[in-house]
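Single-structure report; data block below.
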Amino acid sequence: MNAPTIEYAELAPLITIFGAAVIGVLIEAFVPRKVRHPVQVAVALLALVAALVQVILLAGTGMVAAVGAVAVDGPALFLQGTILVLAIISVAFFAERRLEAGGDAFAPAASTLPGSEEERILVRERMLQTEVYPLALFAVGGMLLFPAANDLLMLFIALEVMSLPLYLLCGMARRRRLLSQEAALKYFLLGAFSSAIFLFGMAFVYGYAGTLRFGEISEALTANIGQDGILLAGVGLMAVGLLFKVGAVPFHSWTPDVYQGAPTPVTGFMAACTKLAAFGAMVRLFYVAFGGMRTDWQPMLWAVAIATMLVGAVVALTQTDIKRMLAYSSIAHAGFVLTAMVAADQTATAAILFYLATYGIATLGAFAVVTLVRDSGGEATHLAKWAGLGRRSPVLAATFALFLLAFAGIPLTSGFVGKLSVFTAAIDGGAAPLVVVGVIASAIAAFFYVRVIVLMFFSDPAPEGPTVAVPSLWTAVGITLGAAATLLLGIVPGPLLDLAQQASLFVR
Amino acid sequence: MNPTNYLVLSVILFSIGAAGVLVRRNALVAFMSVELMLNAANLAFVTFARMHGNLDGQIVAFFVMVVAAAEVVVGLAIIVTIFRTRRSASVDDASLLKL
Amino acid sequence: MTSTLSALATAVATEGGHGGGQAVAEATGVFDLTWLLIAFPLLGAAILLLGGRRTDKVGHLIGCGASIASFVMGVVLFAAMLGEPSDGRAFTSQLWEYVNAGGYTVDVSLLLDQLSISFVLLITGVGSLIHVYSIGYMEHDERRRRFFGYLNLFVAAMLLLVLAADYLVLFIGWEGVGLASYLLIGFWQHKNSAAVAAKKAFVVNRVGDMGMVLAMSSMVLVFGSTAFDVVFASAEGASTGWVTAIGLFLLLGACGKSAQFPLQSWLLDAMEGPTPVSALIHAATMVTAGVYLIVRSAAIYDLAPDARTAVVIVGAITLLMGAIIGCAKDDIKKALAGSTMSQIGYMTLAAGLGPAGYAFAIFHLLTHGFFKANMFLGAGSVMHGMHDEVNMRRYGGLRIAMPVTFITFAMGYLAIIGIPPFAGYFSKDKIIEAAFADNWITGLATLLGAGITAFYMTRLMLMTFFGNRRWKQSEPPHESPSVMTAPLWALAFLSVVGGFALLYFGAGIVDWLAPVTGEEHHELPMPLWLLITITLATVVAGVAVAWLMYGRRAVREDVPAGSPLTVAARNDLYGDAFNEAVFMRPGQYLTRSLVYFENRGVDGAVVGTATAFGGLSSRLRRLQTGFVRSYAVTMLGGVGVVVLAMLVVRLP
């Protein structure tokens, strides 16, 4: 019997991240508490940058590694690179310590009771939570693996490795801990529920095809061995699990609650990176494994896409909390990506890759801006408090406006080009009615984005309005990078579009 | 061996689990119901593995057990924290985030 | 379907572009540097806005330098263009590919032809003068650097607008102009009225933008492209219905930007900005964007007579409305704003007449650019001397205190009312001729407009520069510094000779523009000399009536009650009320739940909205109960739907 060969070089980014995460756990155990924070941040950033370099060096690879379990190809590497870039910026936001007096966005110890003496002591001693960094690294590892997974088992493992740390991260907010814990509970229960549904669907697909490999499943579909009921149910249940992760209607209910309750840097991280990873996995699964039965799943995705776009845009209209509004906006964006997914061809893949990258950057930036607008109770997330922000802090408000315009898809921002590419991909793929719905939803969505801009610039500041905190260099650089990328990709999107085009071929 | 029986059992277990999530207020019980759903899937995997005569499904079952264990660790941590805060493990009490 | 269409369109495009009939060549040599026109002011804006306080000292010089550099570049290009044969003066230069998504490609490329160079020279020329003037006018403003940054941004956006070779790129410039104008109108944001005016301009312009977006969407749908060459080349193949629809959508866009009926209301309020801004926005540039859009889209309007009729009607209504409003305003800037509306109405009307009128629309646009900028800057000079007083009932007899301002203003005055041989006579007379040649009603409207113009402009002159002194200040008003009067002289000179020069210099503007706009001549229903005589008689009558009312009698300082028409005109002919009923009220219904900050109750406002989306939204919102178990139910329901949807598809 031959031992299987593992392509360590091609898997290097994954190994780096998981290795660093394990080292992070060891640091928790062995490094003195005083120096733990800088060490953890340094390890996390180093690992992420190293992994990013490795991904860039791998560019152009197209192969299946680890005995067929992991694909190293264009879409995987493109998404991995994007996720790593976003994760680097996220870690910078995690490490922000100037907003809370001497603390970061996380509770000093998540296990202490909110309002207890124990918590007060820890706050007074300026204790910092450092577990977030290894947790974030594990989550990033899962996210890197998710869009690269090339068999069902790896897909499930990646899903769980990605989700479990996120459940915990959601519950660790320093302020409003009750809400944060509730968010964690909701995310966990519903996430576990959806994972179980996903797994059950996986069982059916395995039962139909007798294999876990995507490529072999695809072959089994062509062979057409009958018993389609099992297959269809299996594909449907698996779709549910993935649609849950991307926040598509009707599996979206967790999104607003969790986005609102989680610590804002985590929300940004989650909103940007999870969606990327989940869409990457979904596109690979549906194009590579289930591509042969697209006529079966396309109508289902049509319905989901329409519902997602409309519900996301319409419900966002009446939101009064900025984080919830962004959550619904992220739901609507999931719908826009789904329109292109329906097309199921290489153009669509390229459009999705581009859209996800631009969306991720803008989302991360927008949530980072939210962390800066504060009053005595922490972040001032109620929209009414944002009134007149443009007069008080024009630069910050203009930056936020830029992100909102990108979400709305206004020309000269990256969002416009992204939307244009997914919609044209959908039209070319024969889904013109979906695009009509998409345009209507965009118009509705534009309304609530513009409303926030109007609120910031045209209305009088609230008398006891929030102040805009001055962030550390890290956050400032992160937001500036996000804004610059959003603008630049709106003016000269060509290079990234070309890159996405080149990276849009799946290995089979 | 008739695999259909096993599959029907697995579907029944899955449905019981799903129903449990929907009707039980206690977070722990709801979570146990999710575990039941995972195990229903395990049963289906093993059945199919037997049917196809390969080991893939059984391997999946082992992995799922490990994942379920990890999930218990995370889940219990979250549920215990929220129980200590609120003195209640009812999922209906945790409904501040809404609309 | 779309992809076949776009393939067809691309095939047409490669054969050679169309700019209203003339071949468009790939830009070479100096024409390849067209992008510099935009780059100069854009760079200036970047330096001034991003440079921070370090550039405070030299900010105004950088701003002026950028604008003048652009003007020089424009002159060079113009000279180079004169060296080319008359049917080979259109050049495109592709800068980069903006989007290439599926079948839809947008290139960022610039189109330099006779039409765009005319605008380039107007924008940069008048723009530079306004820059220079602003050095003096804004001298005591501590945010002068930022002001110049916005001015540069405005010039850059406007140049992009007129140089774009694709509707989408044009739209980017269009929005940029809107943004800059919003920033400039609201520049003195400590004045509440300025903030409100900026807000109004913002909202009304969004209505116009809807027209642009709809027009572009239709183009993508029908032609698979928004590039000028493709759209114009394939317009003939499209159904009349679509072409008319596109024409009407474009008209809506033009109405928003050019303050045409029914979207005119923002312009009068926009006078809250610093005066040079008003001049820049009105005279030189922004409001003419709509006329440019219509003339540029000649190929579409030529195929859609119904859309053209709509343009004529809009133009006629606006020209009369603006003139009537101008008669009743006591605020010098608002009177000029009403006049601007009216003059743009002339241009729109001319543009609606088709090939017979396009060239005259542009001709009037250019001369109007000269004399209206002249008068706005003159009004600014008066205000500068009068401590920012704008009420003409407090002026009087200023011709002695401010002789330069008076003389230059008088040149503009004679030009606008159309006294030969001043600039306005040539251009306006041509429009009146073309209007009569088309039909009697439009002809009479333009004639009546000319009479009213003479009336309100004479009124303005008399109230400001003649009659008894009504100002209260102790020391007499002073003449403005030479940095402000020099641009006035320049513009006054252009107001005098501009019309004659443009019409008769070389082959004249009509022949110059003919390759782009086409040419057509209609027979007049009466001899030309008779029409000119009637026109001049009308003008003289208008002047005489004004003199009887304001020259012979002393002007009262308090506001007389006035006739119902006067009252209506003072209220902008209820344009605001109209807008409120048609745009604001439904908008407010929609926004009541959304823009809740205008409401007292924050969350309460969300409930009980009447609109479809607002109501639907709050209803859907209630599904988000906060209970995990109900979410799980939704999900399980979703599972059922998804699995069913999968299975149903397989049913035979």
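The values are calculated or read from the model by the stated rules, or taken from the named source; none is laboratory data. In this text, all values refer to a predicted model and were calculated from it rather than measured experimentally. All Cβ positions, even for glycine, are placed from backbone atoms using ideal geometry, and neighbour counts span all protein chains on display.
With respect to the conditions (1) surrounded by fewer than 24 Cβ atoms within 10 Å (Cβ to Cβ); (2) in contact with a strand residue (DSSP E or B) (Cβ under 8 Å, 6 or more places away or on another chain); (3) more than 14 Å from chain A (Cβ to nearest Cβ), C:Leu111 lacks only one, and its number is (1).
Looking at C:Trp242, is it away from chain A (no Cβ under 14 Å), part of a helix (DSSP H, G or I) and modelled with pLDDT of 80 or more? Yes. Considering only region C:49-85, state which residues are among the acidic types (Asp, Glu) and touching a residue at least 40 places away in the same chain (Cβ under 8 Å). Hit for region C:49-85 is C:Asp56, nothing else.
Of the listed requirements (1) more than 30 Å from A:Phe286 (Cβ to Cβ); (2) within 17 Å of the chain's Cα centre (by Cα); (3) of a type in the set (Ser, Thr, Tyr), A:Ser163 misses just one: (1). Answer with yes or no whether C:Ser495 is touching a His at 6+ places or on another chain (Cβ under 8 Å) and surrounded by 15 or more Cβ atoms within 10 Å (Cβ to Cβ). No; evaluated as a whole, the condition is false for this residue.
A quick yes/no check of all residues on (1) within 11 Å of another protein chain (Cβ to nearest Cβ); (2) modelled with pLDDT of 95 or more; (3) buried (at least 24 other Cβ atoms within 10 Å of the Cβ):
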| position | (1), (2), (3) |
| --- | --- |
| A:Asp321 | yes, no, no |
| A:Met325 | yes, no, yes |
| A:Met341 | no, no, yes |
| A:Ala350 | yes, no, yes |
| A:Ile361 | no, yes, yes |
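Just need a number here: residues in region A:207-234 that are out of contact with any strand residue (DSSP E or B) (no Cβ under 9 Å at 6 or more places or on another chain) and either modelled with pLDDT of 95 or more or of a type in the set (Gly, Ala, Ser) (or both). Matching residues across region A:207-234 total 10. Evaluated against (1) within 12 Å of chain C (Cβ to nearest Cβ); (2) surrounded by fewer than 24 Cβ atoms within 10 Å (Cβ to Cβ); (3) under 20 Å from A:Tyr449 (Cα atoms), A:Val437 falls short on exactly one condition, (1).
Taking region B:43-98 as the search range and keeping residues that are among the charged types (D, E, K, R) and at the interface with another protein chain (Cβ under 7 Å from one of its Cβ atoms), which one is surrounded by the most Cβ atoms within 10 Å (Cβ to Cβ)? Per the criteria, the residue is B:Glu71.
State yes or no: is A:Leu412 surrounded by 24 or more Cβ atoms within 10 Å (Cβ to Cβ) and farther than 22 Å from A:Val477 by Cβ?
The answer is no for A:Leu412.
Hey, could you check region A:120-142 for residues that are modelled with pLDDT of 85 or more and among the charged types (D, E, K, R) and say which is nearest to A:Thr264 (Cα to Cα)? Top of the filtered list is A:Glu131.
Inclusion of C:Gly443 among residues that are within 28 Å of C:Met549 (Cα to Cα) and in contact with an Asp or Glu (Cβ under 9 Å, 6 or more places away or on another chain) is warranted. If you go through region C:180-207 and pick out every residue that is surrounded by fewer than 24 Cβ atoms within 10 Å (Cβ to Cβ) and over 24 Å from C:Val220 (Cβ atoms), you end up with 18. Looking at region A:468-482, is at least one residue under 28 Å from C:Val106 (Cβ atoms) and surrounded by 20 or more Cβ atoms within 10 Å (Cβ to Cβ)? Yes, that holds for at least one residue.
Residue by residue through region C:283-307, note down the ones that are crowded, with 23+ Cβ neighbours inside 10 Å, in a helix (DSSP H, G or I) and not small (Gly, Ala, Ser). Selection gives C:Met286, C:Val287, C:Thr288, C:Val291, C:Tyr292, C:Leu293, C:Ile294, C:Val295, C:Arg296, C:Ile300, C:Tyr301. Residues in region C:116-171 that are farther than 30 Å from C:Tyr104 by Cβ, in contact with a helix residue (DSSP H, G or I) (Cβ under 9 Å, 6 or more places away or on another chain) and not in a helix (DSSP H, G or I): C:Met138, C:Glu139, C:Asp141.
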